[in-house]
1. Does segment A:131-145 contain any residue that is polar (S, T, N, Q), touching a strand residue (DSSP E or B) at 6+ places or on another chain (Cβ under 9 Å) and modelled with pLDDT of 95 or more?
2. Which pairs do you get when a residue that is within 8 Å of chain B (Cβ to nearest Cβ), found in segment A:30-59, comes within reach of a residue that is acidic (D, E), reach meaning Cβ atoms under 8 angstrom, with the pair 6+ apart or on two chains?
3. Answer with yes or no whether A:R171 is in contact with a helix residue (DSSP H, G or I) (Cβ under 6 Å, 6 or more places away or on another chain) and within 28 Å of A:L96 (Cα to Cα).
4. Quick one: in segment B:1-26, of everything that is touching a Lys or Arg at 6+ places or on another chain (Cβ under 6 Å) and under 21 Å from A:Q52 (Cα atoms), which residue is surrounded by the fewest Cβ atoms within 10 Å (Cβ to Cβ)?
5. Just give me the residues in segment A:72-81 being of a type in the set (G, A, S) and under 19 Å from A:W55 (Cβ atoms), in sequence order.
6. Go through segment B:20-43 and report how many residues are in contact (Cβ under 8 Å) with a residue 12 or more places away in the chain and of a type outside the set (S, T, N, Q).
7. State the number of residues belonging to segment B:27-37 that are exposed (fewer than 14 other Cβ atoms within 10 Å of the Cβ) and under 11 Å from the mean Cα position of the chain (by Cα).
8. Name the one entry in A:T81, A:T16 that is β-branched (V, I, T), out of contact with any Pro (no Cβ under 7 Å at 6 or more places or on another chain) and farther than 19 Å from A:C145 by Cβ.
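The values are calculated or read from the model by the stated rules, or taken from the named source; none is laboratory data. This structure is a prediction, so every number in the text was calculated from the model and none was measured. Cβ atoms come from the backbone with ideal geometry, glycine included; neighbour counts cover every protein chain shown.
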Amino acid sequence: MLFYGTELASPLMLGTAQYPSPEILADSVRAADAGLVTVSLRRESAGSRAGQAFWSLIRDLGTPVLPNTAGCHTVKEAVTTAHMAREVFETDWVKLEVIGESDTLQPDVFGLVEAARILSSEGFKVFPYTTEDLVVAERLLAAGCEVLMPWGAPIGSGKGLNNVFGLRALRAHFPDVPLVVDAGIGLPSHATQALELGYDAVLINTAVAKAGDPVAMARAFRLAVEAGRLARIADPMEARDMAAPSTPLLGKPALS
Amino acid sequence: MNIVVNDEARVVNARTLAALIDELGYGDARIATAVDGEFIPGSRRCGLDIVDGMRVEIVAPMQGG
């Protein structure tokens, strides 16, 4: 699947926050065989070189980066942050977040569409963090987005795919649009399920970073997305309500 | 000049944003700047005058999800 004309090496997108150490972050990115990593921008005082050290670590990994606008609550904040990110990270890709509600970190879809329209017109390749709402999806595509990133569950909740019906409907409705489940994935099985549903990628952070052994979990997620993608290609059977014997009855001896 | 940098009040001598970055010691660090909520690209820092009360934001790469 192409994301704005670029083929990623893997359908696993990995966040870079909350790891126990920079070394564990780097090892996790390698173990995950991540197709891209997400990054952010924060204030830095002149004395602290933390941001510079982080940037060299990411550059050395050689994985494509997707800067986010995490924590932005208004269109203006998100658009300005995207501009700053484009300069710092030298990419016009942006994971657009406009947060509308603090408890669930649900996107403000109205602000999101507006910010997506502005940024797309300025040449950004927008990856919008959205809900599974079909009407909002239509508006985002009309605003210039060529990728959609619906949530699975609230950010950091680890609850998996809360609305499988909605995610399936989105996939069916937009068969040719690259779709990424972003947020809420807690286990490799959730990632497998997303790929089985036909999603093109998943974006994961907390599930790996906050695992007891992040590197081992990163590897588990790599295998999980591989399993899900193969299952999708292999065309799964339809589920049914009643049993159907798998062993043939023909030729069964009469023993009663 | 009394300005605010990353939410911290400062008295600075610099006359331009580019000079301010030097004065604060950022050197060649990979950063982006905004003034009073507006993005100022690196190419415009030399021509941007510092004025009293200005709010400057200086950001750098950071881990993100």
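1. Yes, segment A:131-145 contains at least one residue that is polar (S, T, N, Q), touching a strand residue (DSSP E or B) at 6+ places or on another chain (Cβ under 9 Å) and modelled with pLDDT of 95 or more.
2. From residues that are within 8 Å of chain B (Cβ to nearest Cβ), the pairs are A:R43/B:D7; A:R43/B:E57; A:A50/A:E44; A:G51/A:E44.
3. Criteria not met by A:R171.
4. Restricting to residues being touching a Lys or Arg at 6+ places or on another chain (Cβ under 6 Å) and under 21 Å from A:Q52 (Cα atoms), the top hit is B:N6.
5. none
6. 13
7. The qualifying residues number 1.
8. A:T16
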